[in-house]
Every structure is written in structure tokens, then in C-alpha cells.
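See structure below.
The values are calculated or read from the model by the stated rules, or taken from the named source; none is laboratory data. Computed from a predicted structure; not experimentally measured. Counting neighbours? That spans all protein chains shown, and the Cβs are built from the backbone with ideal geometry, glycine included. When the accessible area is computed, the model is the full protein with side chains, heavy atoms only, and any ligands, DNA or RNA have been set aside. Shrake-Rupley method; radii C 1.70, N 1.55, O 1.52, S 1.80 Å.
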Protein chains: 2
Amino acid sequence: MQNLELLFNPRGIAVIGASPDFGRPGGQTMQVLTERGYQGGIYPVNPKYDAVAGRPCFASIESVPHPCDVAVIALPAAQVPQVVADCGGHGVRYAVVLGGGFREGGEGGRLLEEQMLKNARAHGMRLIGPNCLGLVNVHARAYSAFGSVTRPPFLEPGAVSAVIQSGGFGNSIVVRCAAAGIGFRYVVASGNEADITTPELIDAFVDDPQTRVILAYIEGLGDGRAFLAAARRALEAGKPIVAWKAGNTRQGMRAAASHTANMAGSYDIYRAAFREAGIIEVSDMEEAADFVRTLLGQPPAAGKNVAVMGGSGGSAVVFCDAADAYGLTLARLAPATMKVLRENLPSMAALDNPIDYAAGFISDQTAPRFQRAVEAVLADPGIHQLGLLFATVIGRTGWYGAKALAEASQRYRKPVLVFSSVPRETAPEMFEVLGQARIPIMFSVNRVAQAMSMLADYAHARQRSTQTGAVAAAPAPTVVLAAASGVLDEHESKEILRAFDIPVTADRLLPAEPVTPKNAEGLFFPVALKVVSRDIAHKSDIGGVRLDIADAAQLVAASAEMLKSVHQSAPQAALSGLLVSPMIRDGIETIVGAVSDPVFGPVVAFGMGGVYAETLKDLTYRLAPFGVGTARVMIGELRASPIFGGLRGQPPRDVEALAHALAAVSQLAWTMRDRLAELDINPMLVRPRDSGVVAADALVVLREDFVGIGPDKLLMKGSHPV
Amino acid sequence: MQNLELLFNPRGIAVIGASPDFGRPGGQTMQVLTERGYQGGIYPVNPKYDAVAGRPCFASIESVPHPCDVAVIALPAAQVPQVVADCGGHGVRYAVVLGGGFREGGEGGRLLEEQMLKNARAHGMRLIGPNCLGLVNVHARAYSAFGSVTRPPFLEPGAVSAVIQSGGFGNSIVVRCAAAGIGFRYVVASGNEADITTPELIDAFVDDPQTRVILAYIEGLGDGRAFLAAARRALEAGKPIVAWKAGNTRQGMRAAASHTANMAGSYDIYRAAFREAGIIEVSDMEEAADFVRTLLGQPPAAGKNVAVMGGSGGSAVVFCDAADAYGLTLARLAPATMKVLRENLPSMAALDNPIDYAAGFISDQTAPRFQRAVEAVLADPGIHQLGLLFATVIGRTGWYGAKALAEASQRYRKPVLVFSSVPRETAPEMFEVLGQARIPIMFSVNRVAQAMSMLADYAHARQRSTQTGAVAAAPAPTVVLAAASGVLDEHESKEILRAFDIPVTADRLLPAEPVTPKNAEGLFFPVALKVVSRDIAHKSDIGGVRLDIADAAQLVAASAEMLKSVHQSAPQAALSGLLVSPMIRDGIETIVGAVSDPVFGPVVAFGMGGVYAETLKDLTYRLAPFGVGTARVMIGELRASPIFGGLRGQPPRDVEALAHALAAVSQLAWTMRDRLAELDINPMLVRPRDSGVVAADALVVLREDFVGIGPDKLLMKGSHPV
């Protein structure tokens, strides 16, 4: 692709609205380009001045005599659409629109943004912003930007590219990473993303050979699937995305709505999507910096079997706490490893992992022994990663330790991470040697464990992406319904499930009148009786559900009572019939749902049923469609999932049938994505192994915006009758 | 108290085992005392040398001619008991025993530790250690210590005293706090705590007028109640304890067992105890440092209604996320406050909390307006705390902001915290001014929210401690049982519950023979029938439970079948009878238990019952005894507690009766603390409001070590028959 190449490396940058007042946006751009020594063309444009920052100032973009690929526009919103058109006409390829007053400012601004975009497209020009700090190419010192990204601390060149949806906070993350010694390549504050969006920028970073890690601060995404497609490309390219998603909570969403014009999707769905695409989520500064440093310096991890070595028993205790929290295993060492440790570590050392080589062991004389021990652990095939807990080690001791570690880590492609609590000035040689070896030093034992877990999860996501790939959508089945919009009744809803091979109870739909003995013939009792009506959302509240009906006589009586009760409570409701369902007594209640997420489209939710589990929100999500393998993983993600294995003398459950049903629901949600507002299967009963699952109740809601599309048939996209 | 005064401020320190080799422990102590300029007496003791570190060296403690209150003993374990006796005989008040080889090294070491302790007690001498780094009085530069605490970075004097149970890692926490600018008073690495323990050291810190915050790194406590008593003294004195508890998890506990000789109590119980005593728990380095700085610099918080101001919308979004996570409310501002904001902030500012004064607002001209806005928010009676999100602000802007904030915060006793992401060198004046005002700058928005939550929780704990105080134990009731040890049967167990006014089902105990119609007279059906035997732990597995028995005839038949089934499956079991219980159908299942924790003694556990809730471990704990108020709080702590309010058309539950029952269980657990190994009430059924609660099944296990105390009666401590 490389299609944003000239945005990052323009032959010249025009600053439209350039000002000699370095407090103003157009002044800030001029100042930073000049003082930081950008080598491309710098063309201030402002009819008010002859010169700005010692350079000739042009009256308009048309009078700029040199090739100029980027125009930084620092003008009030009302002037921007015309200026964009002028730039496009003059062959400028990209505009970076700094100012606000567009979509985020109401209807007038929205129209301006629309017009600006139209003018840009007419000339094949692309836009960054509006309402943004702009972008920086750190290597080229090209600042198409203003505000904090143009002020100290200035970034060092490096291999991290960042897209930040809020300039102020996003740049705070960048600054904290820089303070931890991380260098940058491109930093783009993307603002309203009227044209160029986060996914497109990630694509560009993936294509940039000098970018190795991608950092993203995200408040909201317009098109979640496009973002995931870009994330999957990054995953395949082995360029990790470290992402901070903000605006996740109730109070957070309120602020997000007033800050950007993006609609934030539900955080649970974001998390599920991020995990599937191998995105590394962070939610604090030090975490972001430590993760990025680890990803830049360390090789992929083969797994979560780790070893730690240290001279401080307490650090090992704390590491073990963290290992439990982050799912690491302190693996048993091989006999050959133990032998080397026994030969080289002091007699008072604890050789079992966590290895305690005893405080004060490392010295001039013992450094080679320490190194042999480290190499033995790294060579152990059962160990995937190594943590060194140097704790308060300083001075020459730290230097010996660092040298041994740096040399050993050259020979083995396994991650090595270091915990140290001391300030750099007490152990300058240790910091220097480890820094050169790109072995990250963390001030937190917990973070060492967390980073190990992250490395293993990322490697696992890469592996998974090469193994499985996307699930193909199945062809749409055919169902004919006398319905086209809004809430469907239970019988209709189950018809749709059945069409997608989702098991439902073997119901019998009877007319909406008292059951006759003849109608009850052939039924297997006990049964449940339910009223069927699109107008009755909560059947049981008005006597519309009767369970445990033992025989035909009871059914006849119950049906008469039910109709009477329903007519009294909801006289206006149109009844489609009475539904007789078998009573299923051996199922565990679960809930399966599907929603149409505004960001990610069709999403399937799965959780335990019953009032306890619902209160505890034991739920998991996946973007539709997905296969049976993913469905199995979902089932295992519930906190209560041990229940499916059989607890308290209960039988193990038919998890395979459940996984197939979940995958089928995901096919339904994907196929009907343009029609489906909501699907609830509550309960989906999970019976003992080999007995299957069955949807005992179901509710399908079609989207309001499809009301009236077809009078008789629910037409699928692509005109399949459903 | 002040009874450790001479430990921290000795007239002289003898170093027994002093060495001219500064690599050896006795050399390290000499080196640091000399080089850091300790002003008290320094007396090296070692018959091998005439002088050490330029001072005359004595052959034995007896030959030291000056008063000497502390002896630092750097000798092999085998020599220590005698040396302790010598020191005691010579009037030394405290020994700091650095070396290992005691309790943690097996039986021989345990005996040495015992002898050492005996010798010390014979002379009224107290001990720190053994197996420790020793202690430092930072103000006096008195190092009774070796290892990392005697090496750079050296601590600055300050108001934090620390007790650390692992020298290596504990000192790492201290070093990270020091790197964040925190000064220290006393640091004690307490090692095996053979004599002076963590609680006693906390007591001493509470009594030290110059200590304002206490830091504790804890791997295990011998006497949890003593620790809590010290913590409550600290709470009453307004000296917050910031504690890191390690060795909490499965892998963590394994390492802890090999590292110290303490048995670690269950982490859940630690957490419950810490929370009750107002202890501020931390589990990472930066968190510890940020909390300590906040507690040192900021006044108490009246609550969790907070305001934030900033120029970066993204920071506000992230703060809102964190506010949700930490239970803060972004409170609505008063009209008077809004008026001041409107008058002083720029027109594009967002005045609603979170307040966005727009990036770039603060300047020479606007600094007074910014200050008026800050003061208005601080003056707002609905706002308890204020966060300033400076993000990437640097230079003069930062200075103006800091000055305004520092001045405003003088006038209002409300916590003010700052988020900034920039390195100190880009905003030296801002860091300086805020540092002088003791307003903590945090590099993490999340941490600002977390610290606000911590301040409010701490203030709440202080308030609670002055309001409630400890619950008095009730007098022990009288019960007579033909049993004294091990597992009691259901009927006996319920008799004990009944004696403590815990509601149990109205059971009838029948002989262990088929029920006769006469025996069934007067029963209200339906009933449950259960076999009663101390030898049958799991009744239902062998047909020993029958539910829903509808009438006397069914009962007669069921009893015969049950006896047959039980005799077949457990022919050797001694049966005490058959228990007939009413069927309770309107109760929510909960579990109430009591355990005898090795660290904290009797503890009550409460949680939701049923297989889901048990799988999800929805449980809470409290140390017994406690009152009804605490029990109410416990009930609210369950994640599923909304269920008690009535969900899905279910009635609200009798939470008051439940709270009384929990308090009663806590009285039972406390009164019987010397006898009770375990108590399980499973289920405790919580019926609709005004219908009470009832223990439907119960299991009491008496401690093995009480087997055989009394043949006929279960005697309580203090000789009450129970």
C-alpha cells in the first residue's frame, strides 16, 4: 500500500494560516519546523505577512512555487472547505486540518465537515483531522502539527508509530513511553477522522518497514470491522498493537460523547474484539511503556512456563502472587538444569524454581558461575521465559549480573525480563548493559509477570491467526414468515432458529382457543403451555405461561383459564395461538443472545442463566460469525464454566452441542445482520452429554428501520427469502 | 509506650563480629555507620582485630567501656545464644541478629532460636531478627543493619516509618518510594520476628511523633489479632498504614513457606481484616509511592464526590473510566460554582464536571481567572476532592497552573491531586511549586482516581472506628451434648446453633428405625427425612436424604427404604436417629460458615449458595465477633446481593433476620474459638421479608486437639457447660 507515504514524508509542507505569533497554532507549526530543522520545504501561507519565521510568506497556496504534498490548515472552520479546494487544485495531496468547529460543534460544523470532505475528494486529496493536533514524522522532524506534540519533551527516533484519538491524553501516553526510553517513528493525532481513520493509519504503519510496534489510543471507532481487519494485518506482520481504549464506563461514556462525535461501542464487545485480533490492551501509563519496551526488545514467547531467579526471597514471593494472577506457571526445571545450578550456585541457594541464588552471591569471582546458571535455565526446554529479580542490586554487582544476562540472552531466543527497584544513578553500568541488550528493566515485579503473560498471549494470538483464519458465512437458509418488522412472537422466533439449525423445543402451535382433547392427541406429557403474541412481551406476568401440565385434561382446563386471564389483562393483544412445549428438566439454563453493535456489527453473547448468574454478569462475547472452535473457547471463558464439567454429582454437559449451537447463532446473526436488532434465547438448556441443547424460549426483534420493507416476507440481503 | 525508643536512638551501637572486610555483614555495618556519620557510639567487637574502620576494636562486649543500647550481632547462628546472654549481662537493651540458620533452617535452628530468646528474656533484653537486614533510623543515621539498607540510594529523612518482613523486597518498596521523593524515619527489616514483631513495631511508630505514615510489607503474621489491635491504634491516631501483603496465592504460598517460617493465612481473610482495620492495601510499587505521597501531603477526604479540571478532553474520559472503577462520583456543581466558571473560563470551555477549560487557556493573563475557577470548585460544598489533569502542560503554563493550585489549596482543606505526564525537566517550576505545596503529581490519571478513592475509604474507616468500636462477646449459652470431639451430626450441630439463637428448622429426631404412624403424628407435611450419624458425612450419596415427603404413609415407607439403603452402603455407621424436617420452599440458598484461621482466629464466611454462586466464589469474610451493622455490610458486599432486594418478580428478602443470624454465628465462633474447627450452615435459607431465615442443614466439627477433654460434656473455656 504505502499510500500515505507522502503524508509522512512530504516534499514540502505549506502552513496555511502561518503566523509570526508562536502562541497561535499556525505559529507553532512554523516554529517547530524551523527550530527542529525539518529538511523539506517549509511554506508559510498568509496574505497578511511577507515573512514568517525568517521565510518568505505566500499570499495563497497557489503562489507556492515548489512541490508541496501537505498543507497544514490553521484557519477558522468556515474558511477550511474553500482552502481545501484551493489546495487540491494546486496539487497538494494531504491536508492536516488542525482547528475545531466541525462535526463536534453541532449541525453547522457537520455541514462544514461534509463540504470540506467533498472538496477534498473532488481533487483526490486526503485529510487528517479536523479538530486534531496533527502528525509528526520523528525521523524526518516533519511536524504537520501544533500544540503539545510540537513542544518539549521532543521524541527520539525509534520503531514505534502511534495513532491517538485525543491529542492531549494520547500524547501523554507517548510522552510517558518516551520518558521510559522509547523512540518513535510516526505520531498521528487523528481528531475527528473525517477522512483518514485509525484503521487506515494502522495499515500504513504495518506497511512502514521502520515501524515495529504500533501504539493506539482509542476513544471510539466508526467501523469496528475495518479496525479489526487492520489489526489482523498487523498481527500477521508481527507488529504488535498496544491499545488503550477509553470511554468505557458510564461516566466515561458521558465525557466521550461530549468530546468526540464517535459513538462508543460497549466495552465488553471492544474487549472481545481486541482479544480475538491479538490486540494488547493497556489501561495505565507504566503498563503501556513496559509492554512497548518488552515488545521492542524481546523475542516471541513460546508459552507461559517461566522461571525466575533472584537473591531476594520476597521478590520471588511477590512474583509468585503475580504469576497466579496472570496465569503463569513456575515450571519444574529439568534434572540437567538442576545439576548445573547445583554445581554453580552457593550451597544456601534454593534451586527449585523460583530460584534463589542467595543475596550477595554475584561478585567478580562468581560472575561466570552466575552466567552458567542463567544459561542452563534458558537452555531448559521446559522454560519459555526468564525473569531476573535483581531488586536492590546496585554498582558492580549489578554490572556483573547484567553482563552475564546480556551474554546469555544472546544465545537463546527466549524473553528475558528484569525487575530492579533502584534508580539508574546507583547502577549506571547495569542499566547501560541491559539497555544495549534491549532487556527491559521494570520497577515492578508484578509488571514482569504481566509482561510475560502478554508476550505469551500475543504469540498465541499470532499462532491462532495463522491456524484458523476467518470463518466463512454459510449460505442463508430459506424461511417464509408472515412478518417483517419489530418483535416476533416465540413461535416465529423459533422458526428462524430452526432454519439456522439451532435446536428448539418440539413445540405444537395450536389455535388461540381452548384446547380440545383432539388437539392434545399425541402429546408427550408433562408439557408447558404458553400464549403466542407479538403484543405480549412478558407472557408470565399476565398468566400466559403454565408449566408442568401433567395430562390432556389439565391441558384443556389450563388453556381455557389462560385465555381468560390473557383476555382480561391484555384485551387488545392479537393472539397468534397457544404453544405447547415439552418440559425439559435435565438442562442447565444458559442465555444466548445476539445484538447489532453500532461499531462492530453482529455480536453473539453467551452466559449462564438464572437469576444468580445474571446478577453476576457472567457473560462473554464474540463477533459473528465464528466457528465451533471459537464457541468452545467462549464456553470455557465463563467464570462458572466448571459447572458444564459436572459438579456436585451432576452429569457433565453436552458442551459440543452447545458449541455448535453458538456457532449456528453466530451464522444467524451474521446472515441477518441487516435485519436483526436483537435475539434472545433464554433459556438455552444444556442437557447431559449426548443429549444436546435446546432453546426453550426465544425472542427475535427486527430492526425498526426495516419496518415495512416487505409485507409478507422477510427478505434477506441478496434476496434470499428467509 | 515508647518502649523501643533506645532501639531506634541508642547511645551506642556495638557491632559484634565487626570486620575490616566491608563485603562481610559485620564490615558493612561498620562501614555505613562510619561513612554516613552516625553521632552515637560505635563499638566494633571482634577478638581478631585491634581496630576496625579506624576505631578501636574490643575483644568482647564486656570490654566496651561506654553505654551501649544496641548490639548488632553478625555471627554464625551457633554463637548467637551465648553472645546474647553476654550482651544482656553487660546491660545491652536490644540485639539485632542479622544472620540466618535459625527457625527457617530446620530443627537445629529452631532450638538455637529458642535458646537465644530464653537468654535474652533472662536479661530483659529484646531482639530484632534473626535472619534480617536490621534497622535504620534515617534521621540519626543509625544503621543497626547490613545489606541493601546500608547501600545507596541512601534515604532522605522524612515522616514514613516502615516495617518490612523481607529485607530484599521490602527495601525495594522503600527505594521506589524514595525515588518518588518520599523521606523516611525508621526502616525495620524484621526477619524471623522471634521476639519483636510487626505489631509491636507499628505500635512504636504510632507512638513516634515524627512518624506520620506507616509502610508495611507483610509475608505472614503470627498473631493477626495483635496486628489488628496495633492497626486500630494507628487508625485512631490518624497514622495511615499502607500495607503490601505477599504470599497470597497458591504459587506465592509455596515460596513463602520456604522463605519464612510463618504460616500465611488465607488472603481473603487478610483482606477482610485489613479493610476492617482501615489498612490501605497496595500491590504494586508506583501505587505504594503515590498513596504514601498523597497521605503525607493531603488532608482527609470527606467523601467520593470529586471534580476534575483539565485542558485535555481525553484525560477526562480516562478519569471517568477510572472513577467508575473506583466508585467515585463526578458530582454536579452548584449554580454559584458554575457562575464563577462561566465568568472566568473561556467560552469554548465545558463547564460541567469534568470541567474542560480548553487546552492553552492558562497564560500570564488568565492565571488569575484559572485560580478563581479552581477556588470556586474547591469552595463548592458538594465537592470533596479535586483532580487537576495537566497532562502535557509544561514550562510557564505549568508554573501558572501550579501557583494557582498551590494558593487555592491553602484555603480549603480538601485533597487536590495532579496528573501530569511530562518529565520534570520540561516543567521544573511546576514540579517545584506543587512539591512545596505537597500536592502529589502522578504520572497516571487512573492513579489519581484510585488515590481519591483511597483517601475517602481511609477517612470512612476512621469515622467508623470512632463510631462503633469492637463488639463485645455475649455470655456463653448452656448446651449439654453427649459428644466432645470431631464431627458432630446434624442434630447435635443444630442444637449448638439453637443455643446461640441461630434459627434452625423445627426438626423432630426419631429413633433410627422405621417410622411408625404414631411417630408421625402432629407433623406438618411435606417434610424431608434425613439419616443422622457422625459417621456419614455425605448423607445424600448413600440415600440418606429424602425430600418432599407428602404424608405419613410416604414417611413410613421412606424411612424403611432409607434405613435399608444406608445399612447396605455404610454397614459400620452408628446411626443416632432419623431427622424429620419441614420443607422450606420460599428461601434463597446462602452459605454461612466459620473457620478457625491460624492467623486471625475465628472468622465467619458468608456467601450465596447453590452451584453457580459457589463456582463463582461469591463470598465475604469477617473476623468474629461482630455486630448486626457489620453483618448488614457483609450482605451488601456479595456481588449477587441485589438478589436480596427482589429480582425478576421475586419478593425482597428478610435481610434483617439474616444480619442477626450472621452476628449470632460470629458470637458462636468467638465463644467456641478454642473448640471449633469448622462450622457450615448450608443452606441457610433466606425467606421473604418478615419470614426470617432458617438453617436447613448444619455441620459442626470440633478441633482434633480437644478430643477426649470431656466424655459427656463439651466444656467451654471458662468452664461454661455448652
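The test for being open to solvent by 10 Å² or more (accessible area, probe 1.4 Å), under 12 Å from B:Gly12 (Cβ atoms) and touching a Lys or Arg at 6+ places or on another chain (Cβ under 9 Å) holds for B:His66. Of all the criteria given as (1) at the interface with chain A (Cβ under 10 Å from one of its Cβ atoms); (2) assigned to a helix (DSSP H, G or I), the one not satisfied by B:Ser283 is (2). Annotation note: of B:Arg24, B:Arg11, the sole residue that is open to solvent by 20 Å² or more (accessible area, probe 1.4 Å) and closer than 29 Å to B:Asp207 by Cβ is B:Arg11. So, of the residues in the stretch B:152-167 that are within 14 Å of chain A (Cβ to nearest Cβ) and in contact with a Leu (Cβ under 6 Å, 6 or more places away or on another chain), which turns out to be modelled with the lowest pLDDT? Top of the filtered list is B:Gly167.
Of everything listed in (1) within 14 Å of another protein chain (Cβ to nearest Cβ); (2) modelled with pLDDT of 95 or more; (3) open to solvent by 10 Å² or more (accessible area, probe 1.4 Å), the single unmet condition for B:Asn262 is (2).
Would you pick out the residues in the stretch A:513-542 that are within 20 Å of A:Ala574 (Cα to Cα), open to solvent by 40 Å² or more (accessible area, probe 1.4 Å) and either in contact (Cβ under 8 Å) with a residue 24 or more places away in the chain or in a helix (DSSP H, G or I) (or both)?
Matches in the stretch A:513-542: A:Glu513, A:Pro514, A:Arg534, A:Asp535, A:Ala537, A:Ser540, A:Asp541.
Scanning the stretch B:651-697 for residues being within 15 Å of B:Arg622 (Cα to Cα), of a type in the set (S, T, N, Q) and either open to solvent by 40 Å² or more (accessible area, probe 1.4 Å) or not assigned by TED's automatic domain parsing to the domain that holds B:Asp489 (or both) gives a total of 0. Taking (1) within 11 Å of chain A (Cβ to nearest Cβ); (2) farther than 24 Å from A:Thr426 by Cβ in turn, B:Met116 satisfies each apart from (1). Within the stretch B:398-429, if we keep just the residues that are within 13 Å of chain A (Cβ to nearest Cβ) and part of a helix (DSSP H, G or I), the residue that is least open to solvent (accessible area, probe 1.4 Å) turns out to be B:Gly398. Name the residue that is farthest from B:Pro511 (Cα to Cα), counting only residues in the stretch B:538-558 that are aliphatic (A, V, I, L, M) and within 14 Å of another protein chain (Cβ to nearest Cβ). In this case the residue turns out to be B:Ile542.
The residue of the stretch B:574-604 that is nearest to the chain's Cα centre (by Cα), among those that are closer than 28 Å to A:Gly646 by Cα and open to solvent by less than 20 Å² (accessible area, probe 1.4 Å), is B:Ala594. Out of the residues in the stretch A:543-573 that are closer than 27 Å to A:Met684 by Cα and of a type in the set (Asp, Glu), state the one that is farthest from the chain's Cα centre (by Cα). Among those residues, the one meeting the criterion is A:Asp551. For the stretch B:295-349, residues that are surrounded by fewer than 24 Cβ atoms within 10 Å (Cβ to Cβ), touching a residue at least 60 places away in the same chain (Cβ under 8 Å) and within 14 Å of another protein chain (Cβ to nearest Cβ) total 5.
From the list B:Ile394, B:Ile439, the one residue that fits, being of a type in the set (Val, Ile, Thr) and within 14 Å of chain A (Cβ to nearest Cβ), is B:Ile394. Among the residues of the stretch A:640-655, the one identified as charged (D, E, K, R) and out of contact with any helix residue (DSSP H, G or I) (no Cβ under 8 Å at 6 or more places or on another chain) is A:Asp654. Take the conditions (1) surrounded by fewer than 24 Cβ atoms within 10 Å (Cβ to Cβ); (2) without any contact (Cβ under 8 Å) to a residue 40 or more places away in the chain; (3) closer than 24 Å to A:Val318 by Cβ; A:Asn446 misses just one of them, which is (2).
Restricting attention to the stretch A:137-185 and to residues that are of a type in the set (A, V, I, L, M) and in a helix (DSSP H, G or I), the residue that is surrounded by the fewest Cβ atoms within 10 Å (Cβ to Cβ) turns out to be A:Ala179. For the condition closer than 15 Å to A:Ser540 by Cα and among the hydrophobic types (A, V, I, L, M, F, W, C), A:Ala573 qualifies.
Only one entry of B:Thr211, B:Thr249 meets the criterion of being of a type in the set (Ser, Thr, Tyr) and at pLDDT below 90, and that entry is B:Thr249.
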